[in-house]
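Colleague: This is the structure I want to talk about, given as structure tokens.
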Amino acid sequence: MTYRGPVREAIRPRTMHARRRPRPTPVWWRDVAGVLCWSSVLVVVALWVSGRGLQTLVTGTADLLTSLGRLSGLVAADLLLVQVFLMARVPMIERSYGQDELARRHRLVGFWSFNLLLAHIALILAGYTLRDHNNLLRETWTVVTTYGGMLLAVAASAALTVVVLTSIKVARRALRYESWHLLHLYAYVGVGLSVPHEIWTGADFTTSRVARLYWWSAYGVALGAIVLYRLALPLWRTLRHGLTVRDVIREAPGVVTVLLGGRGLHRMPVRAGQYFVFRFLDGPGWSRGNPYSLSASPAPDRLRVTAKSAGDGSSRLARLRPGTRVAVEGPYGRLTAERRVTDRVAMFACGIGITPLRALLEELDYRPGDAVLVYRAHSVADLVFRDELEQLAHRRGITLHYLLGPRLAARESWLPERARFSSDEDAVRRLVPGISQYDVYVCGPDRWMDAMCAAVLAAGLPAAQLHQERFSW
């Protein structure tokens with residue numbers, strides 16, 4: 001089902017104020033962030049070496065195990081701080097990596113940190129057991145009950161274990177987003193509870209002034225980033241712009257649009273394709289933030305988000321009333337015009353994934369006839385923004401393709417069942433001839449995006465021209 005808008009010049013509405021254009025992200029930010037993370041690990045290893053870490057490796061089995069336990073604990077603590085920093089929403093890191101890549105790196109660093117923590121516990125206990133000529137259970141009890149800060153360290157380990165277990169894919173699928181997010185905050189508890197143990201019994205803290213300077217600086221930077229970017233900046237933007245709900249509109253079965261108004265929104269550094277974490281101050285549960293992409297290009301006097309009911313947070317959108325105040329974090333994400341390479345744009349959306357792409361189609365600069373949208377949905381009733389998309393296509397010369405029907409069950413594919421005789425990449429070439437000359441934006445469910453991205457790359461799209469951002473948790 002195809003709708004081809006007439007080729008004519010775009011007519012853009014006048015705005016009350018010129019919107020503030022966010023500054024381009026410097027390409028060197030990404031390199032600096034990576035170098036700083038690796039450098040922190042190298043500094044920790046160097047401090048261990050300067051604290052006679054290498055010499056103790058050859059003085060006996062007990063000292064060998066204890067020294068390796070110290071090293072694994074130090075690197076685990078450093079990676080834990082790196083992980084906290086990755087969660088701090090630092091603009092330099094957010095804008096350089098994007099939500100999906102940052103989430104992968106955050107998870108990878110977290111698992112390495114946790115595995116090294118387990119190695120630290122096992123090696124230290126084994127070394128102490130050999131040194132004291134004791135049995136393992138008795139030595140463990142002695143360490144926990146007599147060493148400074150150890151009971152807090154046990155609580156810290158328990159908190160981090162909860163975070164790791166709920167980060168496993170099977171566990172994430174069994175949890176609601178709100179529950180997972182709340183449990184994930186125990187990472188902060190784990191970091192905080194681990195500090196007394198490191199100060200009171202850690203050899204690096206007690207014997208080296210340089211090490212103390214490094215660790216206090218590292219903890220201070222991590223804490224400062226959390227306070228500044230997770231608390232102060234969102235609070236300042238919330239108070240400055242005074243966002244409130246203007247209207248709530250039902251778009252399709254289970255899909256709701258919320259119109260938001262506020263003060264000075266033209267000064268907010270946001271682009272189409274980005275998302276915010278919203279907290280609607282309407283009663284119990286207001287403190288749980290939920291991420292929603294903008295579904296229209298940001299205007300000087302309003303923002304618009306659209307979501308499908310998938311949990312407590314998105315389900316409550318339909319019950320919001322005009323005038324409800326809104327707390328906001330963001331904007332986040334890099335599914336924007338900033339990464340474009342060519343003058344043409346092709347977009348592939350599935351389901352509610354249309355929301356950021358609809359905003360991008362409105363904001364991006366392109367010539368009439370140089371934009372294509374392929375929209376995959378189960379039925380006509382599930383096409384969100386159909387009227388808006390066709391009006392936009394008429395105004396700006398966009399070619400629309402609607403692909404309707406149940407998903408293809410015979411193989412992993414982005415196509416509907418009725419297209420089962422076509423290969424994924426051939427379908428891409430037919431819908432978007434000359435795909436290699438386009439920037440391609442993709443948004444939808446994870447499995448569908450996997451198939452979609454594989455198809456456009458197989459059809460000849462250079463990887464640098466593929467833009468995607470995944471919001472799955």
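The values are calculated or read from the model by the stated rules, or taken from the named source; none is laboratory data. Because the structure is predicted, anything quoted here is derived from the model rather than measured. Here Cβ is always computed from backbone atoms with ideal geometry, including for glycine, and neighbour counts include all displayed protein chains. Protein only, heavy atoms only, side chains kept; ligands, DNA and RNA dropped before computing areas. Shrake-Rupley method; radii C 1.70, N 1.55, O 1.52, S 1.80 Å.
Colleague: So which residues in the stretch 65-94 are charged (D, E, K, R) and touching a Phe, Trp or Tyr at 6+ places or on another chain (Cβ under 7 Å), if there are any at all?
Modeller: Taking the stretch 65-94 first, the residues charged (D, E, K, R) are 70, 78, 89, 94.
Result: Arg70, Arg89, Glu94.
Colleague: Additional query: Let me confirm something: among Gly323, Gly369, which residue is over 30 Å from Arg267 (Cβ atoms), part of a loop (DSSP other than H, G, I, E, B) and open to solvent by 30 Å² or more (accessible area, probe 1.4 Å)?
Modeller: Gly369
Colleague: Output the residues belonging to the stretch 350-377 that are without any contact (Cβ under 8 Å) to a residue 60 or more places away in the chain, in contact with a strand residue (DSSP E or B) (Cβ under 6 Å, 6 or more places away or on another chain), farther than 17 Å from Glu417 by Cβ and of a type in the set (A, V, I, L, M, F, W, C).
Modeller: The answer is Ala371, Leu373.
Colleague: Filter the stretch 141-153 for residues that are open to solvent by 40 Å² or more (accessible area, probe 1.4 Å) and touching a helix residue (DSSP H, G or I) at 6+ places or on another chain (Cβ under 6 Å) and give the result.
Modeller: The answer is Tyr147, Leu152.
Colleague: Which condition number does Leu400 fail, the rest of (1) assigned to a loop (DSSP other than H, G, I, E, B); (2) open to solvent by less than 10 Å² (accessible area, probe 1.4 Å); (3) not polar (S, T, N, Q) being met?
Modeller: (1)
Colleague: Any residue in the stretch 378-390 that is assigned to a loop (DSSP other than H, G, I, E, B) sitting within a Cβ distance under 8 Å of a residue that is open to solvent by 40 Å² or more (accessible area, probe 1.4 Å) and among the acidic types (Asp, Glu)? List the pairs, counting only those 6 or more apart or interchain.
Modeller: What qualifies is Val384/Glu251; Phe385/Glu251.
Colleague: Given the criteria open to solvent by 90 Å² or more (accessible area, probe 1.4 Å), more than 30 Å from Glu338 (Cα to Cα) and modelled with pLDDT of 80 or more, does Leu36 qualify?
Modeller: Considered against the rule, which asks whether it is open to solvent by 90 Å² or more (accessible area, probe 1.4 Å), more than 30 Å from Glu338 (Cα to Cα) and modelled with pLDDT of 80 or more, Leu36 comes out as no.
To keep it simple, each residue is scored yes or no on (1) in contact with a strand residue (DSSP E or B) (Cβ under 6 Å, 6 or more places away or on another chain); (2) assigned to a helix (DSSP H, G or I); (3) not β-branched (Val, Ile, Thr).
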site	(1), (2), (3)
Val44	no, yes, no
Thr56	no, yes, no
Gly69	no, yes, yes
Ala88	no, no, yes
Glu94	yes, yes, yes
Phe114	no, yes, yes
